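Enquirer: Sharing a structure with you now.
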Amino acid sequence: MTPPAPAPSYLYRRNPSIKLLAVVLVALTLTFIFDPATPAVLFCLTLLVGRLLAGLSLWSQVKPLWVFVLAGVAILLANIFFNKENAVSPALVYIGSLKITAPALWAAGTLWLRLMAFALLSLVFVKSTEPQHLVLSLVHQLRLNYRVAYSTLAGYRMLPLFQSDYQTIRAAHRVRGVKEGNGWLRLWSRTRRYAIPLLAGAVRKAGRIAVAMDARAFGALPSRTYRERMVVQPADWVFLALVLLVVAAITAALWLAGVARFAVG
Amino acid sequence: MSGGGSGGPASSRDSAVRAGRRLGLTFKDWSTRELVIAAALSVAVGVIFWGWGLLWSSVLQTIPFPFHYAFVGIWMVGGLLVPYIVRRPGAALMGETVAAFVSMALGNQWGVLTMASGIIQGMGAEVVFAAFRWKRFTGVALYGAAALAGGFSILLDTFVYSYYAMYSWGSIGIAAILCIVGSLILGGAVSQLLGGALARTGVLSGLAISKGKVKKI
């Protein structure tokens, strides 16, 4: 017997459109802030929210972010070489003839932590939202055309099929003794040989799905009923207000402490 | 089930819906087959976006700021391949947005920013197709859409990544040129090649791209 599913978390129960709006507003706030401390604080706060309100373990939140180490190095190098303040700022330290300035480090840290915060916010959003609920909510709250919404959902359901189709095509090629090149050449030849059959297969399946949908009079009437309806409850507005309040409070506190800076103005 | 409204007074919502209708984005003239094929193609392109993101996060990331913009173009394919094949109003916006969502959901480095980029790039392409009254989806229209999608993309990045606070306008200009040229080649030309190759397999029969191209035996 399978164990009973855990009770849906607080974040899981929030309306997807409202949750999305909250993520977008926090991300937008971060784009206006130009200091490393604010995104770092918001990053830690998001970790905590993910742990306590979405039931995600800290490790499962941090693990997908490892690619950011490399991104951080790239951002740092770009700033050391190309930051426009380098020419006019005094050097903090010289590495060989390379001049490292405070504005370069400040900008690199800001951008890196901003990206980390974005990524974590999105991760918590995606992991606490059912794609189906998101699409339904886009229809019910944001007035997305329902034909587009359901078709998109049908397309989205084909995602796991791509994986199995890929295996089938690969096996078929192997049986026929198709040779795969080496290194970059292999990547190119693979892309070329797999992309078209995969896309063609997807189009064929989509056509069959569409016939089935048409047979059930999909989109024949101007309005329709829903088995599940996404609603915005007062608790959702409370959630949104709390998110905005906390972000505003943190930004204001850091600004008063002389840490936070704004990108514009 | 009771519950609050959906935000904003009804009148402003209705006027938004009417504005969408005026723009022709009601998806009325789309058949169900076109809609589902567009969605499936967008999801497939989303997987390509995601793969390119992995390549970016590992290999392309080592290229410093203005120069890596030469490789951004692949991410315009959703807003170009889908309208190139389906040739309906809204195809560019839908293709790019759905592809961006899929690449975000599969997990990439940019998270929710991917959606912002997708919507902006899709709008860039859609605006050009709209300027052609959605009657032309090849040649000038396709490459114009690629260029504007690329242009919108670098504009958004300049703002979101605070490039204006870090780099000189000269190097941002280089990034913009590389981004647009890259979009023409990796976005426009790749879409045209992929669309053509796909049409030759015969699966797109009945869609706009195959009109008059089907060989009778």
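Enquirer: Please work out which one of (1) among the basic types (Lys, Arg); (2) touching a Leu at 6+ places or on another chain (Cβ under 7 Å); (3) away from chain B (no Cβ under 11 Å) is the condition A:Arg227 fails and give its number.
Expert: (2)
Enquirer: Another question, if that's okay. Can you tell me which residue among A:Phe32, A:Phe82, A:Phe43 is within 15 Å of A:Ser122 (Cα to Cα), of a type outside the set (Val, Ile, Thr) and either out of contact with any strand residue (DSSP E or B) (no Cβ under 8 Å at 6 or more places or on another chain) or surrounded by fewer than 20 Cβ atoms within 10 Å (Cβ to Cβ) (or both)?
Expert: Result: A:Phe43 is the single residue among A:Phe32, A:Phe82, A:Phe43 that is within 15 Å of A:Ser122 (Cα to Cα), of a type outside the set (Val, Ile, Thr) and either out of contact with any strand residue (DSSP E or B) (no Cβ under 8 Å at 6 or more places or on another chain) or surrounded by fewer than 20 Cβ atoms within 10 Å (Cβ to Cβ) (or both).
Enquirer: Separate question: Going residue by residue through segment A:72-81, is there one that turns out to be of a type outside the set (A, V, I, L, M, F, W, C) and over 22 Å from B:Phe67 (Cα atoms)?
Expert: If we filter segment A:72-81 for residues that are of a type outside the set (A, V, I, L, M, F, W, C), which is where we start, we get A:72, A:79.
Now drop any that are not over 22 Å from B:Phe67 (Cα atoms), which leaves none.
Among the residues of segment A:72-81, not one is of a type outside the set (A, V, I, L, M, F, W, C) and over 22 Å from B:Phe67 (Cα atoms), which makes the answer no.
Enquirer: Pick out the one residue from A:Ser97, A:Ser128 that is out of contact with any strand residue (DSSP E or B) (no Cβ under 7 Å at 6 or more places or on another chain), surrounded by fewer than 18 Cβ atoms within 10 Å (Cβ to Cβ) and polar (S, T, N, Q). Write out each step before concluding.
Expert: Working: A:Ser128 fails: surrounded by fewer than 18 Cβ atoms within 10 Å (Cβ to Cβ).
Of the residues listed, the single one that is out of contact with any strand residue (DSSP E or B) (no Cβ under 7 Å at 6 or more places or on another chain), surrounded by fewer than 18 Cβ atoms within 10 Å (Cβ to Cβ) and polar (S, T, N, Q) is A:Ser97.
Enquirer: Then there is this: How many of the residues making up segment A:210-231 are surrounded by 12 or more Cβ atoms within 10 Å (Cβ to Cβ) and closer than 28 Å to A:Pro16 by Cα?
Expert: Counting residues in segment A:210-231 that are surrounded by 12 or more Cβ atoms within 10 Å (Cβ to Cβ) and closer than 28 Å to A:Pro16 by Cα gives 8.
Matching residues to (1) more than 9 Å from every other protein chain (Cβ to nearest Cβ); (2) more than 21 Å from A:Leu138 (Cα to Cα); (3) among the acidic types (Asp, Glu):
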{"position": "A:Asp165", "(1), (2), (3)": "yes, yes, yes"}
{"position": "A:Ala171", "(1), (2), (3)": "yes, yes, no"}
{"position": "A:Arg193", "(1), (2), (3)": "yes, yes, no"}
{"position": "A:Pro197", "(1), (2), (3)": "no, yes, no"}
{"position": "A:Val232", "(1), (2), (3)": "no, no, no"}
{"position": "A:Asp236", "(1), (2), (3)": "no, no, yes"}
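Enquirer: Also, I was wondering about something else. What helices (runs of 4 or more DSSP H), lying completely within segment B:124-214, carry at least 1 residues that are modelled with pLDDT of 85 or more and surrounded by fewer than 20 Cβ atoms within 10 Å (Cβ to Cβ)? Steps first, please.
Expert: Details: elements: B:139-160, B:163-166, B:169-182, B:190-201.
Result: B:139-160, B:169-182, B:190-201.
Enquirer: Output the residue which, of all residues in segment B:98-115 that are surrounded by fewer than 24 Cβ atoms within 10 Å (Cβ to Cβ) and outside any loop (DSSP other than H, G, I, E, B), is farthest from the other protein chains (Cβ to nearest Cβ).
Expert: If we take residues in segment B:98-115 being surrounded by fewer than 24 Cβ atoms within 10 Å (Cβ to Cβ) and outside any loop (DSSP other than H, G, I, E, B), then B:Met115 is farthest from the other protein chains (Cβ to nearest Cβ).
Enquirer: For segment A:127-145, which positions are in a helix (DSSP H, G or I) and touching a Gly at 6+ places or on another chain (Cβ under 8 Å)?
Expert: Start the filter on segment A:127-145 by keeping residues that are in a helix (DSSP H, G or I), which leaves A:127, A:131-140.
Within segment A:127-145, A:Lys127 is the sole residue that qualifies.
The values are calculated or read from the model by the stated rules, or taken from the named source; none is laboratory data. Just so it is clear, the structure is predicted and the values come from calculations on it, not from any experiment. Cβ atoms come from the backbone with ideal geometry, glycine included; neighbour counts cover every protein chain shown.
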